[in-house]
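The values are calculated or read from the model by the stated rules, or taken from the named source; none is laboratory data. Predicted, not measured: the structure shown is a model, and the values here were computed from it. Here the Cβ positions follow ideal geometry from the backbone for every residue, glycine too, while neighbour counts run over all protein chains shown.
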Amino acid sequence: MYGAGILRGLGVTLRNLARRPFTIQYPEERVPQHPRFRGQEFTWYEQRCTGCASCAKYCPLGIIRIVTDPDGGNEQDGGSYKVDVFDIDQARCMYCGLCVEACPYDALHMGSGFEAATLRREDLVINVDMLKAREKRPSTWFRPQLERAKADPHHGDPVEWREAGREPFPWHPKRPAQTPEEMDHRASADGSYRSER
Ligand code: SF4
Ligand code: SF4
């Protein structure tokens, strides 16, 4: 019967008129975002990065490209390579965070953004200069040290590189520079070091 159906429908409308709406008027209104949200704008601390490329190896989509220069950084054991290229293709990223979990030095952190829409996919590639220049506001996801410090990417000060890690810096004590004789001695002792003088 049509009349009963209309009355039932009007009843549903009247009941919901008094309820608070579930939706918000984005982008004028925004819901609070948790500090652990995994979003764009990866935060990278050059000072903490050794150029080990673990993040690139663990990315299941293979969208991180790292090129390092062994001669440009600290060549001794426990040192680091200079990172020339660090590209992250956000257009294909699924924000799983495995790259962040794989970083042994807490150099890479998730970001918190979600509004990097653009007309060209290539504009979504983050490069090393962008990573260097970005304000350091890491997500606290997979970073208990940031949670303990009550860091929040949306409020408060940026996180400085010394505060970003689980381990105090320096994580590897720097060795004094070796003389060529010392290097040769080590090479002959365990065969692990090749002197290229
Ligand atoms: S978040 Fe996941 S998909 Fe994105 S770069 Fe990291 S490992 Fe790759
Ligand atoms: S960000 Fe971390 S995992 Fe990636 S190269 Fe640097 S130290 Fe290695």
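If you go through region 108-118 and keep only what is at pLDDT 95 or above and hydrophobic (A, V, I, L, M, F, W, C), you end up with 108, 110. Among the candidates 100, 85, 67, the residue that is under 23 Å from residue 145 (Cβ atoms) and of a type in the set (Val, Ile, Thr) is uniquely 100. When residues in region 28-65 are screened for being away from ligand 2 (no atom under 15 Å from the Cβ), part of a loop (DSSP other than H, G, I, E, B) and in contact (Cβ under 8 Å) with a residue 60 or more places away in the chain, 5 of them pass.
Between 84, 106, 71, the distinction of being acidic (Asp, Glu), touching a Gly at 6+ places or on another chain (Cβ under 8 Å), over 16 Å from residue 143 (Cα atoms) and more than 12 Å from ligand 1 (Cβ to nearest atom) belongs to 84 only.
Kindly evaluate residue 100 against the criterion of being over 15 Å from the mean Cα position of the chain (by Cα), among the β-branched types (Val, Ile, Thr), within 16 Å of ligand 2 (Cβ to nearest atom) and modelled with pLDDT of 95 or more. Judged against the criteria, residue 100 is not a match. In this structure, residue 172 does satisfy being surrounded by 14 or more Cβ atoms within 10 Å (Cβ to Cβ), modelled with pLDDT under 90 and either more than 13 Å from the chain's Cα centre (by Cα) or not in a loop (DSSP other than H, G, I, E, B) (or both).
Scanning region 135-157 for residues that are part of a loop (DSSP other than H, G, I, E, B) and surrounded by fewer than 16 Cβ atoms within 10 Å (Cβ to Cβ) returns 135, 149, 150, 154, 156, 157.
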